[in-house]
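Participant: Okay, here's the structure, questions in a sec.
Just so it is clear, none of the values below were taken in a lab; they were calculated from the coordinates. Note that the coordinates shown come from a computational prediction; the quantities given were computed from them, not determined experimentally. Positions of Cβ are generated from backbone atoms using ideal geometry, with glycine treated the same way; all protein chains shown enter the neighbour counts.
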Amino acid sequence: MVGVAPLIRELRFGALLGDKAFDADWLRAELNQRGASAVIPPRSNRKQRIDYDKEMYKWRHLVENYFAKIKEFRG
């Protein structure tokens with residue numbers, strides 16, 4: 001989470017796809033302020049459930065598979 005703020009500082013995007021590790025109130029507030037959607041499932045210990053786009057979250061799997069293939073065949 002430490003590197004997220006500098007990484008997204010000057011980027012423009014419509015949605016951030018992240019896993020449960022990215023479920024932080026400050027990040028959700030930042031994305032909301034920028035007009036971007038937070039496609040992040042809530043952590044299990046969150047008292048108030050937050051909805052997210054489950055269909056869009058499935059795209060995260062495709063991105064992860066792509067990077068796995070790149071790592072596999074990098075040599």
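Participant: Stick to Cα atoms and the Kirkwood definition of Rh, then tell me Rg/Rh for region 1-56. Don't jump to the answer; show the numbers that get you there.
Facilitator: Details: Rg = 11.0 Å, Rh = 11.7 Å.
My calculation puts Rg/Rh at 0.94.
Participant: Provide the FRET efficiency to the nearest 0.05 for the residue 12-residue 48 pair, computing r from the beta carbons and using R0 = 30 Å. Can you show the working numbers first?
Facilitator: Details: r = 29 Å, r/R0 = 0.97.
E between residue 12 and residue 48, to the nearest 0.05, is 0.55.
Participant: In addition: Pick from 31, 62, 11 the residue whose mean-square fluctuation is largest in a GNM of the chain, springs joining Cα atoms under 10 Å.
Facilitator: In this elastic network of the chain, the residue with the biggest mean-square fluctuation among 31, 62, 11 is 11.
Participant: Then there's this: Average the reciprocal distances over every distinct pair of alpha-carbons in region 26-75, invert the result, and give the Kirkwood radius in Å. Walk me through the intermediate numbers first.
Facilitator: Values: mean 1/r = 0.0763 Å⁻¹.
For region 26-75, the Kirkwood estimate is 13.1 Å.
Participant: Using the alpha-carbon atoms, what tilt in degrees (0 to 90, nearest 10) does helix 54-72 show relative to the longest principal axis of the chain?
Facilitator: Long axis of 54-72 versus the principal axis of the chain: about 30 degrees.
Participant: Calculate how steeply helix 25-34 sits against the longest principal axis of the alpha-carbon atoms of the chain, using the helix alpha-carbon long axis, and give the answer as 0 to 90 degrees to the nearest 10.
Facilitator: Between the helix axis and the principal axis of the chain, the angle is about 90 degrees.
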